[in-house]
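To keep things clear, I will list the structure first and then write my remarks on it.
A short reminder: the numbers here are calculations on the coordinates, not readings from a lab. Everything numeric here is computed off the predicted structure, so don't read it as measured data. A quick note on method: Cβ atoms are made from the backbone with ideal geometry, for glycine too, and the neighbour counts reach across all protein chains shown.
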Amino acid sequence: MALPTLRPAVQALQPELVTWRRHIHKYPELGFREEQTAAYISQRLKSWGIPHQTGIAHTGILATITGEQPGPTLALRADMDALPIQEANEVEYRSCLPNTMHACGHDGHTAIAMGTAKLLQQNRQRLKGTIKVIFQPAEEGPGGAKPMLEAGVLKNPDVEGILGLHLWNNRPLGSIGVKSGPSMAFADRFQIEILGRGGHAALPHQTVDAIVVGAQIVSALQTIVSRNVDPMLPAVVTVGRFRAGDAFNVVAPSAEIWGTVRSFHPDVADLIPRRIEEIVAGICKAYGATYDFQFERRYPAVLNDPAMAELVEKSARQVFGPDAMIIPEMTMGGEDVSFFMNEVPGCYFFVGSANSEKGLDYPHHHPRFDFDEAALGIGVELFLRCIENYTGQTLNEMN
């Protein structure tokens with residue numbers, strides 16, 4: 001794999017990036033509980049002389065690096081939260097906490113943002129404009145971007161553009177994923193409660209079997225994408241939870257079905273919940289059951305601004321050279337960075353982080369997820385190059 005030559009300042013920073021990332025990985029915290037993580041970040045920002053606000057949306061941080069030369073205001077965003085997963089890796093920095101793990105790369109995102117902030121602060125005499133670094137809680141849920149936005153992190157001074165990145169084990173180290181327009185999907189959630197009538201398993205005629213009703217619903221939901229959605233428009237309907245019954249000889253009186261809907265086009269995002277409820281209502285009526293249906297519109301689709309996507313691609317080609325592996329990445333995964341990008345032009349891009357030769361290629365949200373830490377320096381270099389191109393300056397001679 002062809003890797004870029006990083007500027008000396010980033011090369012020198014690499015050991016610190018690894019140290020920060022491993023500390024955060026070792027002490028993971030779930031959404032809106034990132035107290036130790038926030039304190040760790042704040043201590044370092046303070047030691048570098050970077051003004052910052054803490055406690056935004058519970059645990060979020062906003063750091064502001066003000067250049068000594070006039071210029072635009074650009075924001076960088078990194079998420080800090082972990083997942084409720086028991087880590088299976090046997091490494092020195094494995095999670096110390098049961099059923100809590102950084103299994104999506106947020107520890108790396110945080111380290112990259114910290115490193116970028118440190119180098120910008122050290123070179124603010126050459127920096128044009130202002131860079132706001134947003135350390136956001138609860139991306140995995142219930143969502144920290146919206147409350148940080150409501151707290152005014154894009155104001156005073158007003159942000160003109162925003163960038164974010166995601167370490168990406170779906171692609172090899174040395175690759176970059178970026179495209180204009182839709183990049184990540186609407187991430188919506190539904191809950192269905194089926195209310196039947198319980199009874200003895202040997203006397204089913206006296207009952208309304210919620211499991212049978214639920215099974216019919218789960219099967220029928222699979223026809224929405226195949227028969228109701230334009231086949232040229234991507235969509236996913238997934239049932240992730242089906243719970244019913246307590247005994248082998250009792251007909252279940254109720255059942256719960258939970259799932260997620262992913263799509264890119266607003267019309268599809270509106271069509272699918274309507275069809276879900278129509279299917280649920282029809283099947284329940286046919287079997288004599290009733291239901292409760294709840295649909296939660298969670299994260300909007302991530303739509304990259306064309307000019308900002310072009311900025312990232314240009315920067316990536318400068319970093320990786322003529323043989324740059326740039327992929328027009330598009331995924332059904334969701335991301336609440338979309339709330340920021342609905343307010344100001346932005347680009348959310350992917351930094352390849354998998355290395356199969358080292359066994360660092362498990363997928364995101366897997367209990368053995370880990371990534372090649374060489375991606376940390378690449379992430380800092382990409383952020384710096386994007387800043388240079390956005391503000392029209394060069395920081396190549398950084399301290």
Length gained when the stretch Ala201-Gln86 is fully extended (0.36 nm per residue, less Cα-Cα span): 37.7 nm
R0 of 41 Å, Cβ-Cβ distance Glu68-Leu3: FRET efficiency to nearest 0.05: 0.80
Three semi-axes of the equivalent ellipsoid, the range 227-322, Cα gyration tensor, whole Å, largest first: 42, 17, 11
Gly174 long-range amide H proximity, modeled H, under 5 Å: Gly352
Per-pair calculated FRET efficiency, R0 = 35 Å: Gln36 and Tyr287 via Cβ, rounded to 0.05: 0.10
Table column - 3J(HN,Hα) (Hz), the range 79-89, Karplus curve with 6.51, -1.76, 1.60, x for Gly and Pro: 9, 10, 8, 9, 10, x, 10, 7, 5, 10, 6
Under-5 Å amide H pairs with Gly71, H placed in peptide plane, nonlocal only: Gly129
For the chain: relative contact order, % (alpha-carbon pairs under 8 angstrom, 6 or more apart): 24
Percent breakdown of C-alpha pair distances by 5 Å bin, ordered from the shortest bin, for the range 244-399: 1, 7, 11, 13, 13, 12, 11, 9, 7, 6, 4, 3, 2, 1, 0
Estimated FRET transfer efficiency when R0 is 41 angstrom, pair Ile211-Asp323 (beta carbons, to 0.05): 0.15
Helix-only mean residue ellipticity at 222 nm for the chain, each DSSP H run of n ≥ 4 adding -39500 (n - 2.57), per residue, nearest 500: -11000 deg cm²/dmol
Sorted by Cβ density within 10 Å, fewest first, the residues Thr73, Thr260: Thr260, Thr73
Tilt relative to the chain, helix 210-227 - C-alpha long axis, 0 to 90 degrees, to 10: 50
For the chain, the Rg and Dmax computed from alpha carbons only, in angstrom: 23.5, 82
Helix 35-47 vs. the chain, principal-axis angle (Cα, 0 to 90°, nearest 10): 10
Additional length obtainable on full extension of the chain from Ala12 to Val250, 0.36 nm per residue less Cα span: 79.1 nm
Amide H partners (placed H, <5 Å) of Gly161, local residues excluded: Ala75
Acute angle (nearest 10 degrees) that the helix 374-391 long axis makes with the longest principal axis of the chain, alpha-carbon atoms: 70
Which of Tyr93, Leu74, Ile134, positive extreme of dipole for the range 63-140 (C-beta unit charges): Leu74
Inter-part distance where the range 1-47 and the range 99-126 are each reduced to a Cα centre, Å: 5
